[in-house]
Amino acid sequence: MTPKTSEKVCGMGHSMKRKEDPRFIRGQGRYVDDIQLPGMLYMDIVRSPYAHATITNIDTSQALKVPGVLAVITGRDLEKYNLHWMPTLMSDTQMVLPTDTVMYQSQEVAAVIATERYAAADGVEAVDVDYEPLPVVVDPFKALEPGAPVLRTDKKGKTDNHIWHWEAGNREDTERHFASAEVRVKQDIYIPRIHVASIETCGCIADFDKAMGKLTVYMTTQAPHAIRTVFALVAGHVGLSEERIRIVSPDLGGGFGGKVPVYPGYVIAVAASVLIGKPVKWIEDRMENLQADSFARDYHMTAELAAKKDGTITGLRIKTIADHGYADAAANPSKFPAGLFSICTGSYDIKHAFTEMDAAYTNKPPGGVAYRCSFRVTEAAHAIERITDVLALELKMDPAALRMKNFIPPEKFPYKSALGWEYDSGNYAAALDKAMKLIGYDELRKEQAEKRKRGELMGIGISSFTEIVGAGPSKDFDILGIKMFDSAEIRVHPTGKAIARFGTKSQGQGHETTYAQILAEELGIPAKDIKVEEGDTDTAPYGLGTYASRSTPVAGAAAAMASRKIQDKARKIAAHLLEAAAEDVEFNGGRYIVKGTDRAKAFGEIAFAAYVPHNFPHETLEPGLEETAFYDPKNFTYPSGCHICEVEIDPETGTVAIVRMSAADDFGRIVNPMIVDGQVHGGIAQGVGQALMENAVYDKETGQLTSGSYMDYTMPRAENFPSFKLGNKVTPCPHNPLGVKGCGEAGAIASPAAVMNAVHDALAPVGVKHVEMPATSLNVWQSIQGAQHAAAE
Ligand code: MCN
Ligand code: CUN
């Protein structure tokens, strides 16, 4: 789409260079660890070597003798203030520091406060903790078996490890349908536990000012206001009510959902600062970050499709066991313990659907972090896209043709899914068609046939995903009771430039640029003249933060609504100055013009008149030009698209190489095409990591994380990727004031299934039916060996 504004204004549709990048690429970003406060102390954490144990004693005497060490804080210390437990975002409870029992390897056990970071680390070494090991449960299926050791003994009357059961859809109808279906396929699909590996780890500086009675916390958070409210809920009883708390989230080096939860370290640092009366800095190291926070996925899904022989999909059933670790600390909307997993009917018009899930406690750190998934949409998309390929293989149909046959057709939008969602818009066939053209699908299939004759393993995988992003709507969605709208505040300066503040928080997505472009589009002020700020709860309007690709569809819409209020007032001022009726004044190209005449006032002139009101309609208007809007979306937005991947597999070693990848996405109207492409690139890379490499592996006997360093937990590198071929198909979101849908997670949601489908397609000729994710060389090689043995028998 051609942009409506000039290059100078740089509104929506321009690939404006990111305003934040000059400071980032020069190493001048200001991250939490860059902040130094006078008199600041340092905190380091003692962590448990056991996955499950009783603490029989903590001896801090030697640690307190280490030069520079000022204090050691234990669970017993926090217990005096009732701060040793805290609520999770899912209304469960989680330890800040344990008084009796540790529940996972590397759980926080005590905190050492010292004048230097190194002294704190030496203090940690000198804390002597006695443990008595307890039986460990790491397998969620075993955890749910009768007789399994009960982990959450803190919960009175709890006799098992079951957290909740959740379901969506019509069970009886779906069962009846499956019983009579012409074709049925079924597949166990595990999407492993993975870790959010942002470049910047988590951390904070808690600064309690006794004289002012005010707590300021500089912290790595994606949702500063929500965190402020949560802190007030946790610590209100010790005098920290919400007006006395200021959360500042400075530059973030990636978040990806991992910076939504409240980790114990933040709370301990706050407690330490309040108790000692000095600022306390806590920054996790790489290993702590990898071992103790932000785990995602860990869904054991059994997916089934019912279909007609001609390939018409008629029914879907997915049963899941979810491993949540020792506490349900997922960041999902309150009423949705499994997030938005029920988007699992995907892009297809499926009449009969039912999904159910049971969550289990295990001796692992709390999982369920929403890692580039929009609340479990990655899991949902993976299940439906994998099982669709299983059906294609069963019916010997081309997976593209099978998808084309089953897509929700464009004329059916708004479309009500069998599991209760109302899809806004889309053109799935057009996206698939585009992705096929980008990668040269028909040619590739021919090439594949040739290669198969020569015994070479080449596979092509398709993933036609539909997402659900942009939470609210607040009537149905809240987190801990906090409604999910978002906000924007705009202050136009007398010279016609502006500052805008938001309740969201960029972690690398480029909000300083894209929000400015939205405002430029609406107000005609050049984007370079609009300063965007986020992350300081004392200055920004209340908002729920950045996750679930909600910033653009929700806070971006709030920016449009606030701009339109400004426009409205500016028009009235213009009408006064131009001695015309407001209805006769139109806004065009940054100027207010009396319709049909050449009489006009520039936006800058109106701004000046608003603040220097010599000639001003005082009787009807107040001076000044600033507005705030809170936008509560009518519905989610439903981005969609199609990713296609070509892989080659070395039959000798099982190594998978990605040869080509294409993606055609629908994000509604686009604010900045270059940023959107970057979002898709990063998302695909993370999705490929999930599909081929990443896996948090726990030893079954001891509960130790055996992939506890980056020597074992493998991350993808640039050399693993080809150049991606991107395109898009825009169907504007009909209920959003800007027509935008979110884009931030699509790459990570779509690509795992594209890669896994390609791997399975490559291995089909050698008889492999299923490869466990991640498709590491070992997993692939073993599957090939397994298939060869089975064939020999
Ligand atoms: N955008 C656009 N046009 C659209 C939609 C979005 O130009 N139609 C632009 C936006 O204006 C914004 C970016 O693309 O600059 C992402 O927008 P959006 O889809 O609204 O997502 P959010 O800004 O809410 O970002 C959250 C999303 C999530 S949930 C994860 S996880 C993720 C992601 O963004 N984490 C990221 N992308 C990331 N990118 C970086 N660099 N770092 C992270 O931590
Ligand atoms: Cu699903 S991750 Mo992002 O929501 O921060």
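The values are calculated or read from the model by the stated rules, or taken from the named source; none is laboratory data. Computed from a predicted model, the values in this text were never measured in an experiment. Using ideal geometry, Cβ is built from the backbone for each residue, glycine included, and neighbour counts are taken over all protein chains shown. Areas reflect the complete protein model, heavy atoms only, side chains present, ligands, DNA and RNA absent. Shrake-Rupley method; radii C 1.70, N 1.55, O 1.52, S 1.80 Å.
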I'm checking my understanding of the structure. Among residues of region 161-197 that are surrounded by 20 or more Cβ atoms within 10 Å (Cβ to Cβ) and of a type in the set (S, T, N, Q), which one is farthest from residue 137 (Cα to Cα)? 174
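Each row is one residue, and each column tells you yes or no for (1) open to solvent by 10 Å² or more (accessible area, probe 1.4 Å); (2) of a type outside the set (A, V, I, L, M, F, W, C); (3) closer than 29 Å to residue 51 by Cβ.
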site: 325; (1), (2), (3): no, yes, yes
site: 341; (1), (2), (3): no, no, yes
site: 347; (1), (2), (3): no, yes, no
site: 357; (1), (2), (3): no, no, yes
What pairs come out if I take residues in region 542-554 that are under 9 Å from residue 484 (Cβ atoms) and of a type outside the set (Gly, Ala, Ser) and pair them with residues that are part of a helix (DSSP H, G or I) and open to solvent by 10 Å² or more (accessible area, probe 1.4 Å) whose C-beta lies under 9 Å away, six or more apart or interchain? 544/226
For region 21-51, give me each residue that is in contact with a strand residue (DSSP E or B) (Cβ under 9 Å, 6 or more places away or on another chain), closer than 26 Å to residue 511 by Cα and acidic (Asp, Glu). 33
Selected residue (criterion: nearest to the chain's Cα centre (by Cα)) from residues of region 593-617 that are under 20 Å from residue 9 (Cβ atoms) and outside any helix (DSSP H, G or I): 602
Which numbered condition residue 375 fails, given (1) within 16 Å of ligand 1 (Cβ to nearest atom); (2) without any contact (Cβ under 8 Å) to a residue 24 or more places away in the chain: (2)
Of everything in region 83-129, what is within 32 Å of the chain's Cα centre (by Cα) and of a type in the set (Phe, Trp, Tyr)? Give them in sequence order. 85, 104
Going through region 742-761 in order, the residues found to be in contact with a strand residue (DSSP E or B) (Cβ under 8 Å, 6 or more places away or on another chain), open to solvent by less than 10 Å² (accessible area, probe 1.4 Å) and more than 30 Å from residue 454 (Cα to Cα) are 742, 746, 747, 749, 750
If we keep only residues of region 419-439 that are touching an Asp or Glu at 6+ places or on another chain (Cβ under 9 Å) and assigned to a loop (DSSP other than H, G, I, E, B), then the residue surrounded by the fewest Cβ atoms within 10 Å (Cβ to Cβ) is 427
Of all residues in region 355-412, how many are more than 13 Å from ligand 2 (Cβ to nearest atom), in a helix (DSSP H, G or I) and of a type in the set (Gly, Ala, Ser)? 4
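Could you check region 609-627 and list, in sequence order, the residues that are touching a residue at least 12 places away in the same chain (Cβ under 8 Å) and surrounded by fewer than 17 Cβ atoms within 10 Å (Cβ to Cβ)?
Taking region 609-627 first, the residues touching a residue at least 12 places away in the same chain (Cβ under 8 Å) are 609-612, 615-617, 620-621, 623-627.
Passing the criteria: 611, 612, 615, 617, 620, 621, 623, 624.
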Of the residues in region 93-109, those that are assigned to a loop (DSSP other than H, G, I, E, B), touching a Lys or Arg at 6+ places or on another chain (Cβ under 9 Å) and surrounded by fewer than 20 Cβ atoms within 10 Å (Cβ to Cβ) number 1
The residue that is farthest from ligand 2 (Cβ to nearest atom), considering only those in region 463-520 that are open to solvent by 10 Å² or more (accessible area, probe 1.4 Å) and hydrophobic (A, V, I, L, M, F, W, C), is 499
Just for region 676-712: of the residues that are more than 30 Å from residue 48 (Cα to Cα) and over 17 Å from the mean Cα position of the chain (by Cα), which one is least open to solvent (accessible area, probe 1.4 Å)? 691
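Are any residues in region 762-780 of a type outside the set (A, V, I, L, M) and surrounded by 24 or more Cβ atoms within 10 Å (Cβ to Cβ), and if so, which ones?
Taking region 762-780 first, the residues of a type outside the set (A, V, I, L, M) are 765, 767, 769-770, 772, 774, 776-777, 779.
Result: 774, single match.
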Hey, residue 273 open to solvent by less than 20 Å² (accessible area, probe 1.4 Å), in contact (Cβ under 8 Å) with a residue 60 or more places away in the chain and on the phi > 0 side of the Ramachandran plot or not: no
Do we find a residue being touching a residue at least 60 places away in the same chain (Cβ under 8 Å), assigned to a strand (DSSP E or B), away from ligand 2 (no atom under 16 Å from the Cβ) and among the polar types (S, T, N, Q) anywhere in region 661-679? yes
Determine whether region 352-359 contains at least one residue that is in contact with an Asp or Glu (Cβ under 6 Å, 6 or more places away or on another chain), charged (D, E, K, R) and farther than 27 Å from residue 699 by Cα. yes
Yes or no: region 559-575 includes at least one residue that is open to solvent by 40 Å² or more (accessible area, probe 1.4 Å), farther than 30 Å from residue 256 by Cα and more than 38 Å from the chain's Cα centre (by Cα). yes
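Quick one: would you say residue 148 is touching a Lys or Arg at 6+ places or on another chain (Cβ under 8 Å), over 23 Å from residue 206 (Cα atoms) and of a type in the set (A, V, I, L, M, F, W, C)?
Details: touching a Lys or Arg at 6+ places or on another chain (Cβ under 8 Å): yes; over 23 Å from residue 206 (Cα atoms): yes; of a type in the set (A, V, I, L, M, F, W, C): yes.
It is true that residue 148 is touching a Lys or Arg at 6+ places or on another chain (Cβ under 8 Å), over 23 Å from residue 206 (Cα atoms) and of a type in the set (A, V, I, L, M, F, W, C).
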